[in-house]
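Below you'll find the structure, written out as structure tokens, and then a few comments.
Please treat every number below as a calculation from the coordinates, not as lab data. The model shown is predicted, which means the values in this text are computed figures rather than measured ones. Positions of Cβ are backbone-derived with ideal geometry, glycine not excepted, and every protein chain shown enters the neighbour counts.
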Amino acid sequence: MYHWQELYDHCMACENCDLSKTRNTVVFGEGNLHAGLMFIGEGPGADEDRTGRPFVGRAGQLLEKGLEALGVSRDEVYIANVVKCRPPNNRVPEDAEGDACIGWLRNQVALIRPKIIVCLGSTSLKWVVSRDARITKIRGEWIEKNGVFIMPTYHPAALLRDESKKMPFWHDLKKAVKKYKELLDE
Ligand code: URA
């Protein structure tokens, strides 16, 4: 298993798949290395590829606002993606790209050891939970895997396209934060 610096250095130089050819920068992930609560998205978009930081575009601002409304600051949690390089035109990462990249995320989870993971959207769910899990079927319900509580919910970018997803997302986020705060108090 890697230590943080080694993991970071290797990941930042990764050429495991062709996304490395079109990226501006690797978006490693950021936040509290001891976070009890971790968010996992799909992959960097244009803003993330430009800045090197996850979830800084419109979707990220929505997530951050939601968290702040629940009394959780962005630096308290850890935010990462399934793939660390931007897929061209923000397409969904291909299976081979996810396969090539997922080891970085697994190492991040192993080092952070979060109590709760919120899967944002179907790509995250696919790689973190199982290939055939469907977000529309299982969002909002806890899944326990290897001692970690996983909350599947919509990707915040989906809320920007479809208002009707806002309430369920908010509900799931509240549920995740409530459990997180309970576990903190234990
Ligand atoms: N969407 C994602 O899935 N991840 C990001 O970092 C930004 C947008």
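Tabulated values for the structure
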| read-out | value |
| --- | --- |
| Tyr2-Asn24 pseudo-label distance in nm [points 7 Å out on the Cα-to-Cβ vector] | 2.3 |
| Kyte-Doolittle mean at least 0.0, axial Cα span of 24 Å or more - DSSP H helices of the chain | 95-112 |
| Unsatisfied cross-links (Cα-Cα over 32 Å) in the set Lys21/Lys174; Lys84/Lys166; Lys21/Lys181; Lys84/Lys137 | Lys21/Lys174; Lys21/Lys181 |
| For Asn81, net neighbour charge (Lys/Arg +1, Asp/Glu -1) across residues whose Cβ lies under 9 Å away | -1 |
| Estimated FRET transfer efficiency (Ala96, Lys137; beta-carbon r; R0 22 Å; 0.05) | 0.30 |
| Loop sites in region 1-51: GluC sites (Glu not before Pro), DSSP, at most 10 other Cβ within 10 Å | Glu15 |
| Net charge over other residues, Cβ less than 12 angstrom from the Cβ of Arg131 (K, R count +1; D, E count -1) | -1 |
| Antiparallel DSSP beta bridges within the chain, percent to nearest 5 | 30 |
| From the C-alpha gyration tensor of region 4-185, square roots of 5λ in Å | 24, 18, 16 |
